[in-house]
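The values are calculated or read from the model by the stated rules, or taken from the named source; none is laboratory data. It should be emphasised that the depicted structure is a prediction, and the values quoted were computed from it without experimental measurement. Heads up, the Cβs are rebuilt from the backbone with ideal geometry, glycines too, and the neighbour counts pull from every protein chain shown. The protein model used for the area step is the full one, side chains on, heavy atoms only, and it has no ligands, DNA or RNA in it. Shrake-Rupley method; radii C 1.70, N 1.55, O 1.52, S 1.80 Å.
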Amino acid sequence: MPKTTREPVVARDGAFRRRLNLIYGLYALAFVAFVLTLGLLERMGLPRNWIGAFFLGGTVIVYAIIGIFSRTTDATEYYVAGRRVPAFYNGMATGADWMSAASFIGLAGTLYLHGFSGTESEPGGLAFVLGWTGGFCLVALLLAPYLRRFGQFTIPDFLGERYGGALPRMLGVIAAILCSFTYVVAQIYGVGLVTTHLTGVAFEIGIFLGLGGILVCSFLGGMRAVTWTQVGQYIVLIIAYSVPVVWLSVKQTGVPMPHFVYGLQLEKVTAREAELLADPRERAVVEAFSARARETAQKLVNVPAALASERAGALRTVAELKAADAPLAQIQAAEKALHQLPRSTEAARERWTQQRADDEARAHPLAGMPRHGAAFVGDPGGNPAGQRLFDEARRNFLALVLCLTIGTAALPHILARSYTTPSVREARESVSWTVLFVVLLYVTAPALAVLVKYEVFNVLVGTPFDQLPAWIAHWSQADPALMSVVDINRDGILQLGEMRIGSDVVVLATPEIAGLPYVVSAMVAAGALAAALSTADGLLLTIGNALSHDTYYRLVDPNASAGRRVTASKVLLLAVALAAASVAAQRPANILFLVSAAFSFAAAAFFPALVLGVFWRRANKWGAVCGMSAGLALTCYYMGTTQPWLRDVLGVSAPIQLWWGIQPISAGVFGVPLGFAVIVLVSLLTPPPAPAEQDLAERVRYPRLG
């Protein structure tokens, strides 16, 4: 009898996988054909804005079609995709879920600006590569198979069952919402940035246009729709990310394998860095920014008097131009300068303080960037200042790697994918596939950063200002914080120090930097959009499920039908999406910081409780409650008192006090050990957990005992 029942199951499973292979194989070919067709139309004269609109509309429509065909009201399908996603495709979906706007947009940009290891205050891109990739090893070894064996739908489900009671579940809900909401704001910010680039609409409008693409999948079909959409989105994003890097590699080296030759380009970049450091024109730029910073600092000594002097000077200039019957353009420019002066003393102080900080940041060689291949800034064998810089840079690098590794293993929207595979074995296999799909991008990002830096250092630097490529003006108009150039030494030639480029624009501008056709730029933007949409879908679904399943169903109305629970999840998901879009429209911080903050929150709140819940029978309810609360509270406190944007929001005016020089991006490094210590201590000081809770810990580790 077992044989006769097993054969039809295997046959159905094989047919299902073959159908998936056919569908997504045709999907990949169709996307390539779509790109080639638009490339041909561009050569025939199709306007750029039409190309961008086709990419935005075409990809979002395809995602919407998948969402519509995957719509469901069945609870198991909505929450865990029916637990029938094969390991290969679950790995691809998890890879897309993982490849957020930070990975696609921010990682290579961070490598470009801060090199491999960064500075004492800005960890380099290698920390993100190591931390994010290494975290999946912890997922595979410590959590994924055990959570799949437990079953159910969410991470708060496990906390509620393992630690017995509503309080651990509610803490899990609060922590899941906090880290997922922070993460999803970054994704929606990225969606707004990409949509603006593709269509030219205002950033705020771009956010809400992209929001429709996010909601159409997660709203209609939950995890089922999100999973199959994410598989398609991964195909788009990996093609879009790889093509310009390969193209740049061929252009610079003649070899279409950038992963193997970018080391040669790094040697040339290193040599060029030495030339730029010795260039008197670059030193003149540094001195000009230093002088401007000193001038602004002088204004801040007596802000009212300085503002009155500037206003009087601007009024005098306008009057003199009018009296001399100067050209209208000059008069209008003078009137515009007068109009742009700060309206109040407080506004002037805020603007000049920011201006001084910006000028001081740019008053460094290589536009403030460290040597790309340097181990750490500073000198361990040098003077005390050099030793301090080296030690702080190394500490911040290691702290960030630790936070990202542990945070990866504790993110609810990633762990929830452990529930979607048919078996425990496939849950573990899917993590292996995820690592492969993640690494495909992560080994490409360092190559992209080096190739772009070579292009900027050797082609862009030294270009006359009146011959700068159009993409610089385009991005400067879109957001001066992301791209700006100023001829501060007035020689008419662009120096490296005169260009400021944000990390969030490097990848999106790569095709234009390389002089590639606009269709490639639009394709990269579509890939970035796919990355942001895929992660946003998973995050919004996590928040909606935490509110509907873990709060409404588990704690408020246990008798609610499956249809009512799914409907509640959809309504709450819509409300959360609108709230996140409103926050993202305020441009709260750069994408990479927001994402990293979510990792610190997840690491401190979930990792100790989950790991001890699986591997230590003695961990109990009060230990978990106190440990999760203490770890998360300490992380929030440190981040809120040291991160500039959060300090402004919270009204913190006390001087910043960094502990051991650790930057706020790695706040979880303090919360995680505190969480472990508190769980262990409180569990030992309070009665042991109930036998059923101890049995659950044994059962998820040793299924034969169940």
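Just to confirm the number: angle between the C-alpha axis of helix 424-442 and the first principal axis of the chain, 0 to 90 degrees, nearest 10? Between the helix axis and the principal axis of the chain, the angle is about 10 degrees. Which lysines have a Cα less than 19 Å from the Cα of Lys453, not counting those fewer than 8 places away in the same chain? The reachable lysines, counting only those whose Cα sits under 19 Å from Lys453, are Lys251, Lys268. The overall shape of region 54-195, judged from the alpha-carbon gyration tensor, is oblate: a/c is not under 1.5, and a/b is no greater than b/c.
In the chain, a dipole from Cβ-located charges (positive for Lys and Arg, negative for Asp and Glu) runs towards its positive end, and of Thr227, Ala166, Ser432 it is Ala166 whose Cα lies farthest in that direction.
Ignoring ligands, DNA and RNA, please state the percent of accessible area on the chain from carbon and sulfur, probe 1.4 Å.
63 percent
What shape does region 554-642 have by the C-alpha gyration tensor, where a ≥ b ≥ c are the square roots of the eigenvalues, rounded means a/c under 1.5, and otherwise prolate means a/b greater than b/c and oblate the rest?
On the way: a/c = 2.62, a/b = 1.03, b/c = 2.54.
Because a/c hits 1.5 or more and a/b fails to exceed b/c, region 554-642 counts as oblate.
Computed over the Cα atoms of the chain, pair by distinct pair, the Kirkwood hydrodynamic radius stands at 27.0 angstrom. Taking 18 Å as the straight-line reach from the Cα of Lys322, the lysines in range (excluding those fewer than 8 positions away in the same chain) are Lys336. The spacing between region 665-691 and region 267-299, judged by their C-alpha centroids, is 49 Å. Annotation for region 441-461 versus region 133-207: alpha-carbon center distance of 31 Å.
In this structure the amide hydrogen of Ile493, modeled in the peptide plane, comes within under 5 Å of the amide hydrogens of Phe465, none closer than 5 places in sequence on its chain.
Tell me the net charge near Ser683. Cut-off is 13 Å between Cβ atoms, Ser683 excluded, with +1 for each Lys or Arg and -1 for each Asp or Glu.
Details: positive: Arg162, Arg617, Arg618, Lys621; negative: Glu693.
Net charge around Ser683: +3.
Only helical DSSP H runs with n ≥ 4 go in: add -39500 (n - 2.57) per run for the chain, normalise by residue count and round the 222 nm mean residue ellipticity to 500 deg cm²/dmol. If you can, show how the numbers build up before the last one.
Numbers: 28 runs with 509 residues, N = 706.
When only DSSP H runs of four or more count, the value is -24500 deg cm²/dmol.
For Met483, the amide hydrogen comes within under 5 Å of the amide hydrogens of Gly502, counting only partners 5 or more places away or on other chains and with H modelled in the peptide plane. Which of rounded, prolate or oblate describes region 547-706 when judged by the alpha-carbon gyration tensor and an a/c cut-off of 1.5? Judged from the Cα gyration tensor, region 547-706 comes out oblate (a/c at least 1.5, b/c at or above a/b). Surface analysis of the chain yields an accessible area of 40 Å² per residue, using protein heavy atoms and a 1.4 Å probe.
Neighbours of Glu267 by Cβ distance under 14 Å: Lys/Arg scored +1, Asp/Glu scored -1, total +2.
Are there any trypsin sites (Lys or Arg not before Pro) in region 473-578 that are in a DSSP loop and have at most 13 other Cβ atoms within 10 Å? List them by number.
Qualifying residues, ordered by number: Arg490.
Can you give the charge dipole size of the chain about its Cα centre, rounded to the nearest 20 debye, using +1 on the beta carbon of Lys and Arg and -1 on the beta carbon of Asp and Glu?
Numbers: 55 positive and 47 negative charges, 441 e Å.
The dipole magnitude comes to about 2120 debye.
When you count the other C-beta atoms within 10 angstrom of each residue and take the mean per peptide, 303-316, 228-241 line up highest first as 228-241, 303-316. Any idea what angle helix 203-253 forms with the longest principal axis of the chain, computed on alpha-carbon atoms, 0 to 90 degrees, nearest 10? Its long axis makes an angle of about 60 degrees.
With respect to the chain, whose longest principal axis is taken over its alpha-carbon atoms, helix 518-545 is tilted by about 40°. For Asp557, the shell of other residues with beta-carbons less than 12 Å away shows a net charge of +3, using +1 for Lys and Arg and -1 for Asp and Glu.
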